[in-house]
Amino acid sequence: MPTSTTGSSRAEHIEGETVTQAPKPVDGKAVLKMASRTGNATLPLSDIGAGRLAIQVNCQGKGTLTVSVTPIGLSFPLECVDHEVSSTYNEIRLKRARSEAAIQIKAPSAVVWALTVEQ
């Protein structure tokens, strides 16, 4: 599986990140973890509480990966490159709890990705 072995000065490159394991939670409890996935996916979330919802994504391979959180409305892209892992971290503060939500990933089939959603 792809991992990062080359150094880079790109802002979205974090040394040591990988797509073969889900990113470690930064400051919370993981409510969803995925690793070594390719292409599009819809990942259900249930019983999301009010407060911080954070999403970390790593990707590798040429193309743009887009993450959307429905019905919350958070959406962001991550530019993925060959031979290096790109990373991003985004969070939103939810005013109320949600019984159902979903993470939607749109990515080219050549892009390998991993993510962690935490609260």
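Observations on the structure shown:
- Residue that is nearest to THR18 (Cα to Cα) [pool: residues in region 69-87 that are buried (at least 20 other Cβ atoms within 10 Å of the Cβ) and in contact (Cβ under 8 Å) with a residue 60 or more places away in the chain]: VAL85
- The residue of region 42-68 that is surrounded by the fewest Cβ atoms within 10 Å (Cβ to Cβ), among those that are of a type in the set (Val, Ile, Thr) and over 18 Å from SER87 (Cβ atoms), is THR42.
- Just one of the listed residues (LYS29, LYS95) is modelled with pLDDT of 90 or more, more than 17 Å from VAL117 (Cβ to Cβ) and out of contact with any helix residue (DSSP H, G or I) (no Cβ under 7 Å at 6 or more places or on another chain), namely LYS95.
- Region 36-54 residues that are within 18 Å of GLU118 (Cα to Cα) and touching a residue at least 24 places away in the same chain (Cβ under 8 Å), paired with ones that are among the charged types (D, E, K, R) and surrounded by 14 or more Cβ atoms within 10 Å (Cβ to Cβ) (beta carbon under 6 Å, 6 or more apart): ILE48/ARG98; ARG52/GLU91; ALA54/GLU91; ALA54/GLU118
- Among residues of region 92-119 that are closer than 14 Å to THR66 by Cα, those with a Cβ under 7 angstrom from a residue that is aromatic (Phe, Trp, Tyr), sequence gap 6+ or separate chain, pair up as ILE105/TRP113; ALA107/TRP113.
- Restricting region 82-118 to residues that are basic (Lys, Arg) and over 16 Å from the mean Cα position of the chain (by Cα), the residue that is nearest to LYS24 (Cα to Cα): ARG93
- Filter result for the condition that a residue is polar (S, T, N, Q) and over 21 Å from ALA35 (Cβ atoms), over THR88, THR116, THR66, THR70: THR70
The values are calculated or read from the model by the stated rules, or taken from the named source; none is laboratory data. Note that the coordinates shown come from a computational prediction; the quantities given were computed from them, not determined experimentally. Here the Cβ is made from the backbone with ideal geometry for all residues, glycine too, and neighbour counts use every protein chain on show.
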